[in-house]
1. Do you know which of the residues in the stretch 1-16 that are open to solvent by less than 80 Å² (accessible area, probe 1.4 Å) and not polar (S, T, N, Q) is farthest from Gln61 (Cα to Cα)?
2. Find the residue count for the stretch 37-58, including only residues that are open to solvent by 80 Å² or more (accessible area, probe 1.4 Å) and either aliphatic (A, V, I, L, M) or in a helix (DSSP H, G or I) (or both).
Amino acid sequence: MIFVRGIKGDLKLNPTLKFWGILFLVVAAIVWMFKERADSLQEKVAKCEERGGAWVGGALQMAFCETDEKDEKDW
């Protein structure tokens with residue numbers, strides 16, 4: 001049953017549907033967020049490979065693209 005009668009006799013949405021519906025939306029939003037992040041990472045890796053570089057660090061936030069060009073810096 002989608003609708004149930006409240007204490008005063010009025011129709012309201014079933015509380016179980018409210019709970020599972022909200023939970024489903026939260027889980028769907030989290031999955032979408034991870035999918036977008038994975039797609040973004042794949043794009044970065046593809047751009048790095050197009051430039052002839054190698055992606056270092058995997059999916060970590062501190063990952064970067066290492067190219068063959070050597071930057072001469074004084075450390």
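1. Here the answer is Gly9.
2. 7
So that you can scan it fast, the table gives a plain yes or no per residue for (1) of a type outside the set (Asp, Glu); (2) modelled with pLDDT under 95:
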position	(1), (2)
Asn14	yes, yes
Val26	yes, no
Lys35	yes, no
Leu41	yes, yes
Ala46	yes, yes
Gly53	yes, yes
Glu66	no, yes
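The values are calculated or read from the model by the stated rules, or taken from the named source; none is laboratory data. None of these values were measured; they are calculated from a predicted model. SASA here: full protein model, heavy atoms, side chains in, ligands and nucleic acids out. Shrake-Rupley method; radii C 1.70, N 1.55, O 1.52, S 1.80 Å.
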